[in-house]
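What follows draws every value from the coordinates through simple rules; no lab data is involved. Worth saying up front: this structure is predicted, and the values here are computed from it rather than measured. Cβ coordinates were reconstructed from backbone atoms using ideal geometry, including for glycine residues, and neighbour counts include every protein chain displayed.
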Amino acid sequence: MSGASDEQVFAAAAAENRCLVTLDLDFSDPIHFPPATGTIVLRVPVPSMAMIRRLLEQAILRAADESPDGQIWIVEPGRIRMWESWDIK
């Protein structure tokens with residue numbers, strides 16, 4: 001979906017009932033992008049494939065115990081912040 005707008009990417013993920021995994025912090029805005037099927041935003045402090053891989057592994061390990069469905073996860077080195085869709089007013 002290269003070149004697609006954020007809205008198009010979000011709509012495609014929702015239409016296919018997929019969790020959206022992204023580096024784009026715009027998707028952490030629950031007002032514009034409510035996390036019905038789950039959104040995982042990777043906050044990469046040092047832009048490298050190694051860091052992206054490390055954050056993905058961190059998210060995958062957490063997803064083994066808890067589904068991101070209906071949540072926004074902000075994944076940073078050593079922590080994951082989570083917001084439930086019903087906590088968003």
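Taking the Cβ of Ala13 as the centre, find all other residues whose Cβ is under 13 Å away and add up their charges (Lys, Arg: +1; Asp, Glu: -1).
Its environment carries a net charge of -4.
So, with +1 on the Cβ of K and R and -1 on the Cβ of D and E, and no other charges, what is the size of the charge dipole of the range 11-70 about its Cα centre, to the nearest 20 debye?
Taking the Cα centre of the range 11-70 as origin, the dipole is about 240 debye.
Out of the DSSP beta bridges found with both residues in the chain, what percent are antiparallel (nearest 5)?
Approximately 45 percent, going by the DSSP bridge assignments.
With each pseudo-label sitting 7 Å past Cα toward Cβ, what's the Glu7-Ala50 distance in nm, one decimal?
4.1 nm
Taking 10 °C and 1.306 mPa s as the conditions, I'd like the Stokes-Einstein D for the chain in µm²/s, using the Kirkwood hydrodynamic radius from alpha carbon pairs.
D, rounded to a whole number, is 120 µm²/s.
Could you point to the residue in Phe33, Asn17, Ser67 farthest towards the positive end of the chain's charge dipole, with +1 and -1 charges on the Cβ of Lys/Arg and Asp/Glu respectively?
Ser67
Compute the distance in nm between two label points, each set 7 Å from the Cα along the Cα-to-Cβ direction, one at Trp83 and one at Ala14.
Simple spin-label model gives 1.5 nm for this pair.
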